[in-house]
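The values are calculated or read from the model by the stated rules, or taken from the named source; none is laboratory data. Note that this is a predicted model, so its numbers are computed, not measured. Reconstructed Cβ throughout: ideal geometry from the backbone, glycine too, with neighbour counts over all protein chains shown. Ligands, DNA and RNA are excluded from the accessible area calculation, which covers all protein heavy atoms including side chains. Shrake-Rupley method; radii C 1.70, N 1.55, O 1.52, S 1.80 Å.
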Amino acid sequence: MKIAVCIKRVPDMDLRFAIGAGGKALDPVGLKFDIADFDGYAVEAGLRLVESHGSGEVVVVSIGPTAVQETLRKALGMGAHRAIHLDAAEVPFDGMSIATALAAELKEGGYDLVLFGRMATDSANQTVGPMAAHLMGLPCVTAISKLDIANGRGTAERQLEGATETMEFPMPAVVTIDEGLGRPRLPSLKGIMAAKKKPLEVKPAQLGAANLTVDVIAFPPDRPPGRIIGEGADAVPELIRLLQTEAKVL
Amino acid sequence: MDLPFYFGEEHLQVREMVREFARTEVAPVAKDLDRTSEFLWDNVAKMGPLGLLGVPWPEELGGAGMDQLSYYIVLHELAKVDASHALTVSAHTNLGTSPIVDFGTQAQRERYVPLLASGKVLGGFGLTEPGAGSDAGGTATTAVDKGDHYVLNGSKVFITHAGVGEIFSVTARTSPGPGHRGITSFIVTKDSVDLDRCRTLGVGHAEELPKTKGLRAGKKEDKMGWRSSDTRELILEDAIVPKENVLGTVGEGFVNFLKTLDAGRIGIAAVSLGIAEGAYGEALRYASVRKQFGQAIANFQGISFQLADMATEIQAGTHLLYHAAWLKQNGKPFKQEAAMAKLYCSELAMRVTTKAVQVFGGYGYTTDYPVERMMRDAKVCEIGEGTSEIQRIVIARNILASLEA
């Protein structure tokens, strides 16, 4: 089985970050970058599929400047077989531009499956996977939490609010991965050593036209400070009144 | 610090992986393991497949095939979160495995190292005795030549992994003392004391490994720190050790274990520095959120100057550590630098953890926060693998010798 996993290098959003001088992007100073959370799950899903089928290849693909090679090598350390770096000075915000470049690379690659994380943890657009599927003319199942492949067909589960949806699809297909499939493994030391010798191909990214641009990024306004309205049982009537009239949550 | 002078991309990848492992697998269990003094078997089972129990050994012997720097990075990163984990890796790798890698015959290496380097079983080193601590020349354990085997009698104390481990290098007198001549190293084996647990987990026990008759673990020490690391007496009672298990040259054991201890000092420096950085990180975060007199206590110079001192000294310790590690990695003499790194970083760990508890105030004295554990874990760094006093002797001898030359 031949599987492509598209991964994005994103800043760790748990750390403190600042908005850059132009107000259109994060200030890269002090940011720590890693593979996007759901993309890590997608790599894990690809590795498990190949392992359970006993043969095959996991190819990781990423778009961006040279720095994305670090992220690709991490995926190689986890066990991916080879990597493709689609070189671009920066990653456009427009998912269609990215999907165009990925489709150009993957369409004729003979992949049985193309996996994505269900969304990038920085931009949270959830567009690239479905758009790439459309451009390649392949079926697409999004945000799946379980995946089985048998006899050239795939079965996937999606978690809905209070229900589980199981669907079937023919291969080849594009699938975007939620976190249910299994936590991404850490690259072992042997994996890190082996990754140095695995092929990492660099090609120019054939990005499509970008029709979307970020106008401005702003932090949410500061929350107003809390208010102490009293103590003990005496304060309860006033608390309920405020929850009803002011906060309007009751 | 990224230390570009010492670290390549591969080192940063190792560091990243160990950080993630420490955050996801070590941090959630460190407090409970410390409280119960339970050995960290679950994480031993996870560290083996990641390569963390055989970092610097060649792949053909089951190791990860990485360099010495990577090994010290692993200790450093683990200790930031839990010293017992770091110490377990250190005692297993340097004390337990390196004597066989460095001084063993090809047959001994092929027999024992793959079991150790893969993390299948744990190893240890039996040097210290009730009457022989810093003065290893006082070794009283005897090994009597019986033709095709030796009979060993004696007791080793404070032996890391004496209970959970299965493969040990121990020292014994093959000719009468006192003094350093006539001490020989032997490879001895026993079953883990936690056989049921080992069988369930699939690590910690090698059924196929022949065990030394007459070798057993004594009582487990109830320690102030490093509580989830296993420390016990190791007892040799008419232990029958075949001659093929002599490690190195008969009578030359002392020279060899001094080399093992030199390398071990860099390891303890790494563990110490990790403890210091862990406590500093906790203090820094706490000081920036804890409010008194209407503001974060980090705004007060009484606190911020302490943080500044901690950060400065940690930076100094980092350079001492990785300089010593770099010398070792590049085959240069490192005895003095290793002693300096161990001395400085272990005393630094004590200073920083004490200050960190102070920054936390009353909360720091409770087990709700990790700094009290770090303070307890720090103390033994000034004692184990050569006390601070011994490090000063080593350094003083070296600098005085250079004067005489």
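When restricted to residues that are under 19 Å from B:Ala79 (Cα atoms) and out of contact with any Asp or Glu (no Cβ under 8 Å at 6 or more places or on another chain), segment B:252-271 contains 5.
In segment B:185-200, what residues are out of contact with any His (no Cβ under 7 Å at 6 or more places or on another chain) and either more than 11 Å from B:Leu247 (Cβ to Cβ) or at pLDDT below 95 (or both)? Those that are out of contact with any His (no Cβ under 7 Å at 6 or more places or on another chain) and either more than 11 Å from B:Leu247 (Cβ to Cβ) or at pLDDT below 95 (or both): B:Thr189, B:Lys190, B:Val193, B:Asp194, B:Asp196, B:Arg197, B:Thr200. One residue stands out in segment A:33-56 among those that are over 21 Å from A:Ala156 (Cβ atoms) and within 14 Å of chain B (Cβ to nearest Cβ): the one that is least open to solvent (accessible area, probe 1.4 Å), namely A:Ile35.
Against the condition open to solvent by 10 Å² or more (accessible area, probe 1.4 Å) and not basic (Lys, Arg), how does B:Ile240 come out, does it pass? For B:Ile240, the condition - open to solvent by 10 Å² or more (accessible area, probe 1.4 Å) and not basic (Lys, Arg) - is met. Could you tell me which residue of segment B:267-294 is nearest to the chain's Cα centre (by Cα), considering only residues that are farther than 14 Å from B:Val357 by Cα and not hydrophobic (A, V, I, L, M, F, W, C)? Out of the qualifying residues, it is B:Gly267.
Please determine, by comparing only the residues of segment A:82-120 that are outside any loop (DSSP other than H, G, I, E, B) and among the charged types (D, E, K, R), which one is least open to solvent (accessible area, probe 1.4 Å). Checked segment A:82-120; the qualifying residue least open to solvent (accessible area, probe 1.4 Å) is A:Glu105. Please specify each residue of segment B:1-11 satisfying the condition of being within 12 Å of chain A (Cβ to nearest Cβ) and surrounded by 15 or more Cβ atoms within 10 Å (Cβ to Cβ). Result: B:Glu10, B:His11. Residue under question is B:Thr318, and the condition is that it be farther than 19 Å from B:Ala27 by Cα, surrounded by fewer than 23 Cβ atoms within 10 Å (Cβ to Cβ) and at pLDDT 95 or above; does it hold? So B:Thr318 passes the test. For segment B:54-79, the tally of residues that are within 11 Å of chain A (Cβ to nearest Cβ) and either assigned to a helix (DSSP H, G or I) or within 30 Å of B:Gln315 (Cβ to Cβ) (or both) stands at 10.
Inclusion of B:Ser90 among residues that are modelled with pLDDT of 95 or more, in contact with a Ser or Thr (Cβ under 7 Å, 6 or more places away or on another chain) and away from every other protein chain (no Cβ under 13 Å) is not warranted. So for segment A:89-108 (the condition being under 30 Å from A:Lys190 (Cβ atoms) and in contact with a Pro (Cβ under 9 Å, 6 or more places away or on another chain)), does at least one residue qualify? Scanning segment A:89-108 turns up no residue that is under 30 Å from A:Lys190 (Cβ atoms) and in contact with a Pro (Cβ under 9 Å, 6 or more places away or on another chain).
Each residue in segment B:384-396 was checked for being modelled with pLDDT under 95 and either on the phi > 0 side of the Ramachandran plot or open to solvent by 50 Å² or more (accessible area, probe 1.4 Å) (or both), and 2 of them qualify.
When segment B:47-60 is filtered for residues that are of a type in the set (A, V, I, L, M, F, W, C), out of contact with any Gly (no Cβ under 6 Å at 6 or more places or on another chain) and open to solvent by 10 Å² or more (accessible area, probe 1.4 Å), only B:Leu50 remains.
Does A:Ala156 satisfy the condition of being out of contact with any helix residue (DSSP H, G or I) (no Cβ under 6 Å at 6 or more places or on another chain), buried (at least 21 other Cβ atoms within 10 Å of the Cβ) and assigned to a loop (DSSP other than H, G, I, E, B)? No; evaluated as a whole, the condition is false for this residue. Give B:Arg285, B:Arg197, B:Arg232, B:Arg265 a once-over and let me know the one that is in a helix (DSSP H, G or I) and within 19 Å of B:Gly133 (Cα to Cα). Sole residue among the options that is in a helix (DSSP H, G or I) and within 19 Å of B:Gly133 (Cα to Cα): B:Arg265.
Counting only residues that are touching a Phe, Trp or Tyr at 6+ places or on another chain (Cβ under 8 Å), crowded, with 24+ Cβ neighbours inside 10 Å and small (Gly, Ala, Ser), segment B:61-85 holds 4 of them.
For segment B:12-46, a tally of residues being part of a helix (DSSP H, G or I), more than 10 Å from every other protein chain (Cβ to nearest Cβ) and open to solvent by less than 60 Å² (accessible area, probe 1.4 Å) returns 12.
For segment B:234-243, the criterion of being among the small types (Gly, Ala, Ser) and more than 30 Å from B:Met375 (Cα to Cα) is met by at least one residue.
Of the residues making up segment B:327-336, not a single one is buried (at least 22 other Cβ atoms within 10 Å of the Cβ), in contact (Cβ under 8 Å) with a residue 40 or more places away in the chain, over 24 Å from B:Glu389 (Cβ atoms) and not aliphatic (A, V, I, L, M).
Considering only segment A:57-80, how many residues are open to solvent by less than 10 Å² (accessible area, probe 1.4 Å), within 11 Å of chain B (Cβ to nearest Cβ) and among the aliphatic types (A, V, I, L, M)? Qualifying residue count for the region: 1. When B:Thr260, B:Thr189 are screened for being within 20 Å of B:Ser155 (Cα to Cα) and surrounded by fewer than 23 Cβ atoms within 10 Å (Cβ to Cβ), only B:Thr189 passes.
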